[in-house]
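Asker: Take a look at the following structure, please.
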Amino acid sequence: MAAPRTDQRAWRDIAVVLAVAAGLRLWHLLELSAWPTFRAPLMDARYHVEWALRLAGGGGESESFFRAPLYPYLLALLHRFTGELVWSPRLLQLGLGLATVSLTHRIASRLLSRPFALFAGLLAAALWLPIHHETELLLEPLFTFWVMLLLERITARRSDPPTAGEFLIWGGIAGLAAITRPNILLCLPAVFWAALRRGEGSSPAGRLPRLERAGARALALVTFGLLLPILPVWLHNLSVGDPRTPIAWQGGINFYLGNNPDATGWSATAPGLRTDWQGGYDDAIQQAEQAAGRPLAGAEVSDYWTRRGLRFWREDPSAALSLTVRKVRLILSPWEIKNNEDPRFAQAQLRSLRWLPTGYGLWLPLALLGVIVLCRRDTRARALAAVAALYAVSVVLFFVCSRYRVPIVYLVPIFAAGSLEWLARTVRAPQVGRAPRLAAALVALVLLHLALRYEPPGLRSGGYFQSYSSLGDAWIALERPVPAIEAYQAALRENPGYIAAWNNLGRAQTAAGRPAAAAASYRRGLDLAPDHPTLLLNLAESLAAQSHYPAADSTFAHLLSLHPSAWDIRWSRARVLVRAGERKAGLSQYLLLLQDQPRTDAPRREAIELADALGDSALARTLREQAGGSSQR
């Protein structure tokens, strides 16, 4: 009768863990649904949605993959079935989060006694950072699920003998993780080591297993399983002329972003590359191709940026080493580091996160002590620790942010619970030797806590001004200018020198029908950057909207003196002059534009209509003839 009671208690434990996890996740999902970014995603999330919508609409892939494709393809499949990408992916990711929590509890139950395994499961259920990332249209929930599923399989009770299917499953899961985020491939040595041990059986303590027949078979099966998900991706890249890219070619660019003289260790920006997603992508390709003097395949672009990063290591090894030490401190820091968005802003604004004190940094010192405790008594814990360490290295090679370390976050409850279990056993142990062990553990925990209290420089400056501004951008995308104005004003209260917020505030005020207020906002931005082209252009158009045509034209003239070849600015000036009744002056601007940019179709069409309206049929005919001899857009 003991076994059924044990099974009943195990099912009750997992039911409690999943109930807590589901309740906290549903609360956060419902609270976050009121935010504009829920329906108007930004940055990487928007990139994933646009990619998925293109696929769902029948668009093919004409180039090699810049990013690993599994997550956007999954979104496209969801869109095919549901017709939307607002609730369905988030509900799926909530399910993946519950599965990941369940896997964490399952792994803990193999390494720990029941009460401490339950504690690890409840702690995993209440970690606020994964809860938040599961509501974003980012690949973290899917990737973390694959990682924890792989670790659950690695720590499974040993079959005697292990089957071929078991090792194929290991490799298949690793392959699925790789086409979600390729840096999991750096964890393969730990996976292969675990496969060798399972394939050959236990070896003497402290010695690696010998590569004998059973071990070689295990490695071959894992490798075969690994290649199965990767092969279709590789074949696609091969078919479009990029055979050296097995999955995706963004690795070289990311390596340079994390290894250059201006790198912070956490920011995904670099000198000479625009900070917006599309602009940075285009700049990376353009600079690589300019250096080579020819078009490049994706792998060649990646190679160019890898060489740039390695050059930094060769030319200034001390700075590169110092940067690497900073990145190691960042990945161990309790500070949640922003990337696509700032998770600390969400925690500060949302009660569903603010009331959860269970953060990564709070439990990490206990977890590091637990690594020592569990690895001394169970080889399966060594596999967990090895995967975690190699994954951390794979992040440090590039740049660090909070969402990249989510797979490690889910291992923290297991090792922290192991540390608490050891402390509890030590307290109950006989008196002899107990006090020194407890004192040493306490000192170690205090020292670890102090050593890990690292706040990255520059992350706290200005508060949450960028986060408020991002909310404004999302409100603008939803055509809600009034809440956008409030968000931009909140950003400027925290950082009055944020030029982009002054510009976007003006855009929102224009959309709300407040052109005078918009002009005032643009002027405030120009006080900070007098020759800022976007501010000048928007100011000119705002003045024209108020019928202040002389002031608008004067602003256009100044802007064109700074950027004489900017045809879009000249086009705006031509339109404003026509609206002001200066049709001949407007036509002259159209002609100057077409002289520099003869292939622009829309300005040419407007110039022809204007020439006809002015009765200059000869000019209109000439413009039509020129249009027939050019490739228009």
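The values are calculated or read from the model by the stated rules, or taken from the named source; none is laboratory data. Model, not experiment: these values are computed from the prediction. Because the Cβ atoms are built from the backbone with ideal geometry, glycine has one as well, and the counts that use them run over all protein chains shown. Heads up: the accessible areas ignore ligands, DNA and RNA and are worked out on the full protein's heavy atoms, side chains in. Shrake-Rupley method; radii C 1.70, N 1.55, O 1.52, S 1.80 Å.
Asker: Is it fair to say residue 515 is within 30 Å of residue 594 (Cβ to Cβ), open to solvent by less than 50 Å² (accessible area, probe 1.4 Å) and touching a residue at least 24 places away in the same chain (Cβ under 8 Å)?
Answerer: yes
Asker: What number of residues within segment 556-574 are outside any helix (DSSP H, G or I) and among the small types (Gly, Ala, Ser)?
Answerer: Residues in segment 556-574 being outside any helix (DSSP H, G or I) and among the small types (Gly, Ala, Ser): 2 in total.
Asker: Out of curiosity, is residue 604 without any contact (Cβ under 8 Å) to a residue 60 or more places away in the chain, among the basic types (Lys, Arg) and open to solvent by less than 30 Å² (accessible area, probe 1.4 Å)?
Answerer: yes
Asker: Report the residue count in segment 529-546 for those that are in contact (Cβ under 8 Å) with a residue 12 or more places away in the chain and open to solvent by 70 Å² or more (accessible area, probe 1.4 Å). Walk me through it before giving the result.
Answerer: In the first step, residues of segment 529-546 are kept if they are in contact (Cβ under 8 Å) with a residue 12 or more places away in the chain; the result is 529, 531-546.
Imposing the further condition that a residue be open to solvent by 70 Å² or more (accessible area, probe 1.4 Å) reduces the set to 531, 541.
Summing the residues that are in contact (Cβ under 8 Å) with a residue 12 or more places away in the chain and open to solvent by 70 Å² or more (accessible area, probe 1.4 Å) in segment 529-546 gives 2.
Rundown of residues vs (1) aromatic (Phe, Trp, Tyr); (2) touching a Leu at 6+ places or on another chain (Cβ under 7 Å); (3) at pLDDT below 95; (4) crowded, with 24+ Cβ neighbours inside 10 Å, yes/no style:
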{"site": "147", "(1), (2), (3), (4)": "no, no, no, yes"}
{"site": "172", "(1), (2), (3), (4)": "no, yes, no, no"}
{"site": "205", "(1), (2), (3), (4)": "no, no, yes, no"}
{"site": "227", "(1), (2), (3), (4)": "no, no, no, no"}
{"site": "230", "(1), (2), (3), (4)": "no, no, no, no"}
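Asker: Restrict the check to segment 615-622 and report whether at least one residue is open to solvent by 40 Å² or more (accessible area, probe 1.4 Å), under 44 Å from the mean Cα position of the chain (by Cα) and acidic (Asp, Glu).
Answerer: No, segment 615-622 contains no residue that is open to solvent by 40 Å² or more (accessible area, probe 1.4 Å), under 44 Å from the mean Cα position of the chain (by Cα) and acidic (Asp, Glu).
Asker: Being touching a Gly at 6+ places or on another chain (Cβ under 9 Å) and open to solvent by 20 Å² or more (accessible area, probe 1.4 Å) is the filter here; which residues of segment 329-361 pass it?
Answerer: 329, 332, 334, 335, 347
Asker: Filter segment 252-277 for residues that are open to solvent by less than 30 Å² (accessible area, probe 1.4 Å) and of a type in the set (Gly, Ala, Ser); which is nearest to residue 66 (Cα to Cα)?
Answerer: My answer is 252.
Asker: Does residue 364 count as under 28 Å from residue 468 (Cα atoms) and either open to solvent by less than 20 Å² (accessible area, probe 1.4 Å) or under 25 Å from the mean Cα position of the chain (by Cα) (or both)? First the steps, then the outcome.
Answerer: On the way: under 28 Å from residue 468 (Cα atoms): no; either open to solvent by less than 20 Å² (accessible area, probe 1.4 Å) or under 25 Å from the mean Cα position of the chain (by Cα) (or both): yes.
Here the answer is no, as residue 364 does not meet what is asked.
Asker: For segment 56-140, list the helices (runs of 4 or more DSSP H) that sit wholly inside it and hold at least 3 residues that are open to solvent by 40 Å² or more (accessible area, probe 1.4 Å); which are they?
Answerer: In segment 56-140, 70-82, 88-111, 114-126 are the helices (runs of 4 or more DSSP H) which contain 3 or more residues that are open to solvent by 40 Å² or more (accessible area, probe 1.4 Å).
Asker: Further question: Residue pairs, Cβ under 6 Å, 6 or more apart or interchain, first in segment 371-397 and over 16 Å from residue 417 (Cα atoms), second open to solvent by 30 Å² or more (accessible area, probe 1.4 Å) and of a type outside the set (Lys, Arg). List them.
Answerer: Close Cβ pairs (under 6 Å, with a partner that is open to solvent by 30 Å² or more (accessible area, probe 1.4 Å) and of a type outside the set (Lys, Arg)) amount to 390/186; 394/186; 395/404; 396/328.
Asker: For segment 255-352, which fully contained helices (runs of 4 or more DSSP H) count at least 3 residues that are without any contact (Cβ under 8 Å) to a residue 24 or more places away in the chain and either farther than 30 Å from residue 473 by Cβ or in contact with a Ser or Thr (Cβ under 7 Å, 6 or more places away or on another chain) (or both)?
Answerer: The helices (runs of 4 or more DSSP H) meeting that bar are 277-292, 298-315, 317-332.
Asker: Among what's in segment 367-402 and is among the hydroxyl-bearing types (Ser, Thr, Tyr) and surrounded by fewer than 18 Cβ atoms within 10 Å (Cβ to Cβ), pick the residue that is modelled with the lowest pLDDT.
Answerer: That would be 379.
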